[in-house]
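Okay, so here's the structure we're looking at.
Just so you know, all these numbers are worked out from the coordinates, no wet-lab data involved. The model shown is predicted, which means the values in this text are computed figures rather than measured ones. Positions of Cβ are backbone-derived with ideal geometry, glycine not excepted, and every protein chain shown enters the neighbour counts.
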Amino acid sequence: MNFGVLPLRAIAFQGLFLLLAIALEAIIFSRQLGLDYKTSVRYSASVNLFSTLIGWLVFFNAQVLMPEELRIQLISYFFFERFFPNPWSSSVAPILAVSGLAIFMGVFFAELKGLDFLEILLEKRKADDTTVAAPRVQRFRRLSRGISFKTSSRAFAVLAANALSFSAILFLLFIRWLEQAL
């Protein structure tokens with residue numbers, strides 16, 4: 001099997017899932033964190049791209065440690081949409097279930113830390129901008145009210161956003177599976 005070139009279909013579905021996750025999570029961020037929609041879309045896009053990058057890095061590093069049969073099955077499923085020989089064999093199904101939970105929790109923590117990093121980065125940028133231009137101070141104060149987070153609700157907002165986006169993606173995967181099975 002040649003794993004050198006990723007099929008365009010796998011890349012298209014990754015893009016579709018990212019767009020769906022960004023849109024749904026932006027709605028949750030806007031409502032839960034009190035952000036305007038444009039800012040929440042930017043935050044959602046940033047943390048989703050960050051968590052996707054981290055996820056692929058973890059996958060490519062972890063697949064080296066997997067048994068050969070499982071590694072071939074997972075890579076052929078993710079990139080070529082097929083399992084060899086049985087998709088729900090007794091050894092693969094529990095691993096997929098535990099992996100799904102681990103991925104959900106990993107994405108949750110990556111996005112939560114991504115939001116922390118993004119807030120630190122924006123606070124530093126705002127501090128640098130206010131020292132350079134004094135007339136802009138009032139505008140940045142108004143902007144900072146829209147960017148500030150409620151510390152107690154940030155984790156809940158990320159958890160709710162991830163639950164919504166993961167559920168929607170799972171629903172799309174189920175519809176796709178139904179379409180292929182029929």
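Figures for the structure shown
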| read-out | value |
| --- | --- |
| Candidates Phe78, Phe29, Phe60, filtered to the one that is of a type in the set (A, V, I, L, M, F, W, C) and crowded, with 17+ Cβ neighbours inside 10 Å | Phe29 |
| Flag for Phe60 being assigned to a helix (DSSP H, G or I) and in contact with a helix residue (DSSP H, G or I) (Cβ under 8 Å, 6 or more places away or on another chain) | no |
